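The values are calculated or read from the model by the stated rules, or taken from the named source; none is laboratory data. All values derive from a computational prediction rather than experimental measurement. Cβ: placed from backbone, ideal geometry, glycine included. Neighbour counts: every protein chain shown.
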Amino acid sequence: MIEFILNNKHIQTNEPPGMPLLDFIRYTMDLTGTKSGCREGDCGACTVMEGSLNNNELKYKTIVSCLTPLGNVQGKHIVTVEGLNMNHLSPAQKAIVEQGGTQCGFCTPGFVVSLTSHSLTDDAGDPEKTRAALDGNICRCTGYKSIERAATALADSFSGRNGENTLEQLVATGHLPAYFNGIAERLKKIRKLAEPMKTNGILLAGGTDLLVQKSDEIAEGELTFLQDKKELKGIAVQDNICTIGAATTAAEISGSAELQAHFPALQSHFKLISSTPIRNMGTLGGNLVNASPIGDLSIFFLALDAELKLQDNKGKQRRISLKDFFLNYKKLALKSREIIESLRFRLPEKDEYFNFEKVSKRQHLDIASVNTAIHLHIENDFITKAALAAGGVSPVPFFLVKTSKFLTGQRLDEATLLQANEIMQDEISPISDIRGSEAYKRLLLRQLFFAHFLTIKPELFKLRNLLTK
Amino acid sequence: MPHGIPDYNLATVEREVPATEPPAWEVNDKLKVVGKRIKRTDALAKVTGTAVFTADVQLPGMLYGKMFRAGIPHAKIKSIDVSAAQNYPGVFAVHVLEEMIEGANPKSGEKSSRYPDIKYAGQPIAGLAAVSADVAEEAIRLIKVEYEALDFVVDLDEARKPGAPVVFATDVDQEASDGGEDIEQGLKSSGNVRGPSTRSFYGGPRGDLEKGFAEAELIIERTYRTQVQTHCPLETHGVVVDYNQGDVTVFASTQSTKNTRNDFAKAFGLPKSRVRVISEYTGGGFGAKHALGNFGVMAGHLSKISGRPVKLMLDRKEEHISAGNRPNSVQFMKLGAKKDGMLTALKQLSYGTAGVGLGAGVGRIAQAMYDCPNFKTGQYDVFTNAGPGAAFRAPGNVQGAFALEQLIDELAVELDMDPLALREKIDKSMIRKVERERGARRFGWTHKKAGSDKGPVKKGIGVAQAHWPRIVNLDSTVEVRVMRDGAVEVRSAVQDIGTGTKTVLAQVVAEELGLQTEDVTVLIGDTLFPIGPSSGGSIVTGAITPAARNAAYKMKQKLFELAAEKLETDAGNILLEAGTFALKNDAEKKISFKDLLRRMRVEQLTETASRSDDYGGFMVGTIGHGELGSVQFAEVSVDTETGFVQVERMVAAHSCGRPINIGQIESQINGGIIMGIAYALYEDRVIDKSTGHQLNPNIDQYKMPFSFEVPDIQIELIEDYGGRSSTDASGIGEPANIATAPAVANAIYNAIGVRIYDLPITPAKIIAALNNAKNKNDE
C-alpha cells in the first residue's frame, strides 16, 4: 500500500506502484486540473509540487507527474492546482490573470504550480530566477511574454521581504492554503517503509528515462524504488574527495554550495541540462545507467575522472573508473542486480580548470547534438594534466584518451589546440542522426573544444586564428 | 462612420446600415470598454484548473476509446481479426473504419476493396472502447491485421519523380476546411502530382509574363524550401461521444462546433437537430481542429455499439502523425525588376505535400502583396505516404512569405537598396505603409550592410511583410438575454479556442448596454445556441462581434421602451450610460439598469441578431476594404562558431480593423511570433525514408520553443477603421505569424552575409552555408 498526502487529503492506495502519478490524480482521484500533454515529461502540463521531509524540514519542488511512479511519492505531499486554490486567488494565480498570462488555458495549471513552487524557494524575489523556474512548461498560444510579466510581477511582490520565506509566512500572506501548516506533522506520521536494500525487478530512481522507455513493464512489473534510499543520497567532501550518492538529483548537485565553490559556473552548466522539474527528479545514477552517448552528467564526470562504487544485492561492493563503465552503445560494466551506490572524484584545486559546453537546436530541455567537458591542470602556460570527454560523437559517453594524453605536457598555445583537434577528429566516430550529420557533429566538437580554451584562458587565444589555420 | 487610420488619414465615411443595426461607434478613444486592455473573463477558471476541457470530461459509465493504426505506410489490407480484442475482458465495443473522412478521396467514391487502403503509417484502421485507458491499450494490441505491403514514398522530391510509388491511382478531391487553405477543385493528377492551381479568389494570372521579363533590367531566380510543421496544440484532438440512441451529445476539442455537428450528422445519417456539440474550452487548435475526423467517427460508432459514452483523445504521437500539419514546399521563384526597384514580372512555381491530403499550395501572398503587372503562379500538390495536412495558421501564406520576402530582400541587396525603402516603393498598401513607418521608428531601423559585424557572434537585422485577406462569415448569430435579477447573458455556438472570443463578446455587449465586462456572462461553444463561425481564417472577431452588438442594440431598444414607460416619456428621449437610463434633458429622471430589469413584467427578454454583409457593398467571399497586413522587424545574433541563432528582438506592426481587446491582440501577436520563430529555427517533422515512420512524434525531438527562446517583442498596433460592420473589428491570429520566419531569415542573412534557403535554419545549415561561402571565396 502506498501512503501519501494529495493536497489536503490523506491517501492510502493499493494502486500499482508503477502507476504514473498523473493517472492516479486524473483518473483515480478525478482531479482534472493537472493536464496530460505529452506523457514524456517534455511539456510541463502535468507539473505538480512534491513536498518531502528531509531532517524534519519540509521542502517542496516541482516534478512532472507523468513520469513519477506512485511508488516514488510514498510519504510525500503532492500538490496539484486544486490544492493551491483558496477562496481568493493566490498571488501566482492573480499575476497570471492580471498579466493576461493565459490563452487556451491548457498549460496554465502547470505554470501556476511552477510559479507557486518557486515562491517557496529562497529565490522567490528574483525575477530572473522566477522566469527560469518556468523552463519546463510549454505554452503554444501566448508567446510567453504575458507569462514572463506574471513571473516578474510575482517576484516583485516578494522583494523587500524580511526574514525567511517560510511556509507559515506564505500561508499568512495568502500564497498557500492554511492546511500547508499541518503537512509536516502529518507527513511525520506516515510510516517510513524501512525496507532492506533489495534489488528485485526493475530498479527505478527518478524514473525520467525509464517511464518513457518502459512504461508498460513498469506499470505491471515488480519495482525497486531507489530514489529515496538514504544510503544512496547526499554529497560529502572529505580530504578534497567529493562523493555523491547515486540517487542524488541533478538539482541537488547544482544546488550544492560546496560544489559551487569549486565549480563557479556549475549552475549555468546545469541550466543547460533538461528543465527544472526533470532536474528535480533525475538522479546521477540514473543518468549514468541510462548510458545515453550524450548524457550530460556522464560527460561532466568523465572529464573529472570520476570513480564509481558499485554494490550487488548481497552487499558486495567494488569500484570502477567511470571511463571503464561504458562498454558499448547502452552496454555497461554493470553485473546483474548490481547498482551504482556512489560516485567520487577529486575536486579541482588551484591551477585547475573545468569547463562544460553544449550545443543543440533549442537551448533548453534539449538533448545535445554534441556536449563536452574538459578538466585541465595548467602551470606556467603548460598543460600538466588534461582530461577531455565528449558526447554525441561515439556510441558511448566518450573519454578521449588519445587527445587527453596528447594535451598533457603541451604548451598552451594555438598550435597545440590545432594539433589536438586533429587527434580528436581521429579519435571520435560520430554518426548522422536526427540531431545532426556526422560532419556537423565533427565541426561542432571542434568549435566546442576551442570554446573550452577561449573560456578558460580568453587572454591566450583568438578564435579567428584557430579557425583560419 | 470613422474611416482610415488615426494620425494619418482618419475621416468620416457614409454607409448604408440596415435599420436593425446600431449607429456607428466612434473611434476607440471615445469608447469605454471596447478597445481597452480588459482582463480575460475566463482566466479565473483557467488559473484554478476548473476549466473543463474535452480531455477532462467524465460521464457516468464512460468508456475509453483507442485506435488501432497502420504499422506500415502503404498497403492493402488482406484481413482484419478483431476477435481477441473483442473477447478481452473490459472491452465493450470494437469497430473497423469503412472509410477515411480525412485527406483527399477519389472522386468516384467507389471502393476498390472492403477496407480503405493504407496510405500512411499511423492511418487508423479499427478501434475499441474499454473500461479504462489501460485496458483499451492492452486490447488494441490484440487486433491483427494482415497487409499486402506496397512500395511507398514520403519525400516530396522523390514523390514527384516518374516511377515513384503512386499514392492515389485516380484523380482525387477534398473539400477545404474553414481554416482557409486553398484547394482548387477538379484538378487532374499525374503520378503523385496534382495541379497546377493557377487561380485564387484574387483571380488568375495577370499581364504577360514574357513581356515582363523582357522589360526587366534584373532577373533573380531562386529556390526556397520549407519544412513540415505540426500544430501541437497542448490539448490533443479528441471527443467524448454519448450516442444515446441517436440523441447525440459530442464534447469536442474543436475549432468548429458547427462543423463537428454537421460531420457527425452526416456520418451517422442523423438530422443536425439530433446532434449537440459542446466545446466550452478547447486547448488550442491553430487550424487542425476544424472537423470531426476519423477519430470522432470512431468514437461515435463505439458509443453507438456499446450504448455508453466513449472518450477518445489522441496521444501526442497520434497528434503528430495523423492530426494535421503545415505542408512543406519547394518554391521556384523568378523575379524581374527595373533598376529603380519596380517589379516587372513575378513567376511562382511550387510543389508541396500535404501527405494524403490536399492544400499544399503556398498561398496568395505573391499574387497580392506587391505592385507587379505581370504575375503567374502554378501550385502543385504532391501526394506522399504521410498523414494529411491541415489548415495551419495562415495556410500557404506562411510558406509563400518565406520565399517572397527573402526574394524581395535579395532584390534589395542586388540593387544596393534599403529593403525597407524598396518595399516602400513597390507596395501600394496604405496600412502597410503606416506599419513600416511606425515599426521602423520603434525598431530604430537603419540599413546595415550584410555580414559587416566583426567577431564570431554577428548581429543582423531583417524585415518582412505579411498579407492576409479579411473574410466574413454570415453564420454568425448571437442571442442576448436579460433577466429580472439583472443578469445579462450572451449565447452563441461559436467556440473559444484560446483566442479570447468570450471576452470580446462580453466587451461588445457591455459597451452597447453601458455596462462593464464582468456584468455580462458569455455562454458559447454549444450547438444548442445560435450558430457561430468556425475559429479559422481569422474570421471570428470580425464575424461574431457585429452580431453580438446588433443583438445587444435590439435589446437596448426594447429596454428603452420599457424605461420610457417607467420614466413616462418617449424612448427617443432616453440615454443609457454607465448602467443608468436617464432622460436626455433631465439627468435627474433616471432608472438604473438593474432596477429597470427588476421591474420587467416577464422573467427574461431575448433578442437575436446575425452578421449582415459588410457595409459598403463588400460581399462575403470577396475581399473587403483594406486587409490584415503586418510588417515585422527582427534582430538576431548568429554565433558563427556553432551556428547558434538567437532572435534578440522583434518589432511587430499590425492592424486588425478596430481593436477590441488590446491585451488579447498583443498575446495573439506574441504567440504568432513565437510560432514563426519556431518555424524559422526549430520545428521540423522528420519522416524516416526507409520506414515511413515519423522519427520525432513527441515534444522531446519535435522542438517547440520554451520561454527562453523568446525574444524581446514590441508591438505597434494600428487602428484601421473601414466602416465595414457595426463593430468594424477583424481577427489577428493568422497575420501574426506570416512575416516572422522571413524577417528572421533576412536578419540572419544580414548578420552573416550568407543566405539560407531552406527551413528550419538549424545551426548545422548555418555552418554548412558559411563553409560553402568560404570555400567559394577561397577558389
Determine which member of the set B:735, B:711, B:763 is touching a residue at least 24 places away in the same chain (Cβ under 8 Å), more than 11 Å from chain A (Cβ to nearest Cβ), of a type outside the set (Lys, Arg) and farther than 30 Å from residue B:120 by Cα.
-> B:735
Could you say whether any residue in the stretch A:379-397 is part of a helix (DSSP H, G or I) and either under 18 Å from residue A:304 (Cα atoms) or of a type in the set (Phe, Trp, Tyr) (or both)?
-> no
Hits in the stretch B:123-171 - residues which are touching a strand residue (DSSP E or B) at 6+ places or on another chain (Cβ under 6 Å), modelled with pLDDT of 95 or more and of a type in the set (Val, Ile, Thr) | B:125, B:140, B:143, B:145, B:154
Do you know which residues across the stretch B:23-53 are more than 23 Å from residue A:175 (Cβ to Cβ), charged (D, E, K, R) and within 14 Å of chain A (Cβ to nearest Cβ)?
-> B:36, B:37, B:42
Can you tell me which residues in the stretch B:746-763 are assigned to a helix (DSSP H, G or I) and touching a Leu at 6+ places or on another chain (Cβ under 8 Å)?
-> B:752, B:763
Could you tell me which residue of the stretch B:271-287 is farthest from the other protein chains (Cβ to nearest Cβ), considering only residues that are surrounded by fewer than 24 Cβ atoms within 10 Å (Cβ to Cβ) and out of contact with any strand residue (DSSP E or B) (no Cβ under 7 Å at 6 or more places or on another chain)?
-> B:271
So which residues in the stretch A:430-460 are over 27 Å from the mean Cα position of the chain (by Cα) and more than 12 Å from chain B (Cβ to nearest Cβ), if there are any at all?
-> A:457, A:458, A:459, A:460
At least 3 residues that are in contact (Cβ under 8 Å) with a residue 40 or more places away in the chain and of a type in the set (S, T, N, Q) in each: list the strands (runs of 3 or more DSSP E) lying fully within the stretch B:576-667 that qualify.
-> B:604-610, B:630-639
Restricted to the stretch A:115-128, and to residues that are out of contact with any helix residue (DSSP H, G or I) (no Cβ under 7 Å at 6 or more places or on another chain) and either crowded, with 24+ Cβ neighbours inside 10 Å or away from chain B (no Cβ under 13 Å) (or both), which residue is nearest to residue A:48 (Cα to Cα)?
-> A:117
Going through the stretch A:26-59 one residue at a time, which ones are touching a residue at least 24 places away in the same chain (Cβ under 8 Å) and β-branched (Val, Ile, Thr)?
-> A:34, A:47, A:48
From A:305, A:324, which residue is surrounded by fewer than 18 Cβ atoms within 10 Å (Cβ to Cβ), touching a Phe, Trp or Tyr at 6+ places or on another chain (Cβ under 9 Å) and modelled with pLDDT of 95 or more?
-> A:305
Across the stretch B:747-765, what is the total count of residues that are out of contact with any Phe, Trp or Tyr (no Cβ under 7 Å at 6 or more places or on another chain) and hydroxyl-bearing (Ser, Thr, Tyr)?
-> 2
Exclusive hit being aliphatic (A, V, I, L, M), within 25 Å of residue A:336 (Cβ to Cβ), surrounded by 14 or more Cβ atoms within 10 Å (Cβ to Cβ) and at pLDDT 90 or above, set A:226, A:170 = A:226
Residue, farthest from the chain's Cα centre (by Cα), within the stretch B:653-686, restricted to residues that are farther than 16 Å from residue B:499 by Cα and at the interface with another protein chain (Cβ under 8 Å from one of its Cβ atoms) | B:686
Scan the stretch A:74-81 and give yes if some residue there is without any contact (Cβ under 8 Å) to a residue 60 or more places away in the chain, at the interface with another protein chain (Cβ under 10 Å from one of its Cβ atoms) and under 26 Å from residue A:185 (Cβ atoms), otherwise no.
-> yes
Identify the single condition in (1) more than 14 Å from chain B (Cβ to nearest Cβ); (2) part of a strand (DSSP E or B) that residue A:371 does not satisfy, given that it satisfies every other one.
-> (1)
So, of the residues in the stretch A:226-273 that are assigned to a loop (DSSP other than H, G, I, E, B) and of a type in the set (A, V, I, L, M), which turns out to be farthest from residue A:63 (Cα to Cα)?
-> A:265
Pairs returned, first residue in the stretch B:687-706 that is within 10 Å of another protein chain (Cβ to nearest Cβ) and without any contact (Cβ under 8 Å) to a residue 60 or more places away in the chain, second residue that is among the aromatic types (Phe, Trp, Tyr) and in a loop (DSSP other than H, G, I, E, B), beta-carbon separation under 6 angstrom, 6 or more apart or interchain, are B:703/B:682
Test residue B:486 against the stated conditions and say whether it is out of contact with any strand residue (DSSP E or B) (no Cβ under 6 Å at 6 or more places or on another chain), of a type in the set (Gly, Ala, Ser), farther than 30 Å from residue B:533 by Cα and in contact (Cβ under 8 Å) with a residue 60 or more places away in the chain.
-> no
Selection count where residues are part of a helix (DSSP H, G or I) and in contact with a Gly (Cβ under 8 Å, 6 or more places away or on another chain), scope the stretch A:119-155 | 5
Of those in the stretch B:295-309 that are within 20 Å of residue B:259 (Cβ to Cβ) and touching a Leu at 6+ places or on another chain (Cβ under 6 Å), the residue surrounded by the most Cβ atoms within 10 Å (Cβ to Cβ) is B:299
Report yes if some residue within the stretch B:603-612 is aliphatic (A, V, I, L, M), modelled with pLDDT under 95 and buried (at least 18 other Cβ atoms within 10 Å of the Cβ); otherwise report no.
-> no
Take the stretch B:739-755 and flag every residue that is out of contact with any Ser or Thr (no Cβ under 7 Å at 6 or more places or on another chain) and either within 14 Å of chain A (Cβ to nearest Cβ) or closer than 13 Å to residue B:405 by Cα (or both).
-> B:740, B:741, B:742, B:743, B:744, B:745, B:746, B:747, B:749, B:755
Pair list, Cβ < 8 Å and 6+ apart or interchain, from the stretch A:139-151 residues that are more than 7 Å from chain B (Cβ to nearest Cβ) and closer than 16 Å to residue A:114 by Cα to residues that are of a type in the set (Lys, Arg) and surrounded by fewer than 24 Cβ atoms within 10 Å (Cβ to Cβ) | A:151/A:131
Quick one: which residue in B:451, B:462 is assigned to a strand (DSSP E or B) and either at pLDDT 95 or above or surrounded by fewer than 20 Cβ atoms within 10 Å (Cβ to Cβ) (or both)?
-> B:462
Quickly run through the stretch B:576-588 and pick out the residues that are of a type outside the set (Gly, Ala, Ser) and surrounded by fewer than 16 Cβ atoms within 10 Å (Cβ to Cβ).
-> B:577, B:584, B:585, B:586, B:588
